[in-house]
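The values are calculated or read from the model by the stated rules, or taken from the named source; none is laboratory data. Just so we're clear, the structure is a prediction, and the values are computed from it rather than from any experiment. We place every Cβ from the backbone using ideal geometry, glycine too, and count neighbours over all the protein chains shown.
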Amino acid sequence: MCYECSCNEPTVVVSPDSITEDTFKKAAKGAKISVEEAKRNTFELLKKELEK
């Protein structure tokens, strides 16, 4: 899903700026971490941000 909408499809691109599975793959590769770790790190940061 473009992670910002609620379609629940990790590969759907709603717009060129969509956050998709490929976004996490690119970020993980750049950081030299796994895709799972990139998602986990993102999740933890989002939880903190949403608590503000």
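Points worth noting:
- Exclusive hit being modelled with pLDDT of 95 or more and surrounded by 12 or more Cβ atoms within 10 Å (Cβ to Cβ), set Ala38, Ala31: Ala38
- All of (1) surrounded by fewer than 13 Cβ atoms within 10 Å (Cβ to Cβ); (2) part of a loop (DSSP other than H, G, I, E, B); (3) within 13 Å of the chain's Cα centre (by Cα) hold for Leu45 with one exception: (2).
Yes/no matrix, rows are residues, columns are (1) under 11 Å from the mean Cα position of the chain (by Cα); (2) of a type in the set (D, E, K, R):
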{"site": "Cys2", "(1), (2)": "yes, no"}
{"site": "Cys5", "(1), (2)": "no, no"}
{"site": "Pro10", "(1), (2)": "yes, no"}
{"site": "Thr20", "(1), (2)": "yes, no"}
{"site": "Gly30", "(1), (2)": "no, no"}
{"site": "Ala38", "(1), (2)": "yes, no"}
{"site": "Lys52", "(1), (2)": "no, yes"}
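- Within segment 16-24, the presence of at least one residue that is among the aliphatic types (A, V, I, L, M), touching an Asp or Glu at 6+ places or on another chain (Cβ under 7 Å) and in a loop (DSSP other than H, G, I, E, B) is confirmed.
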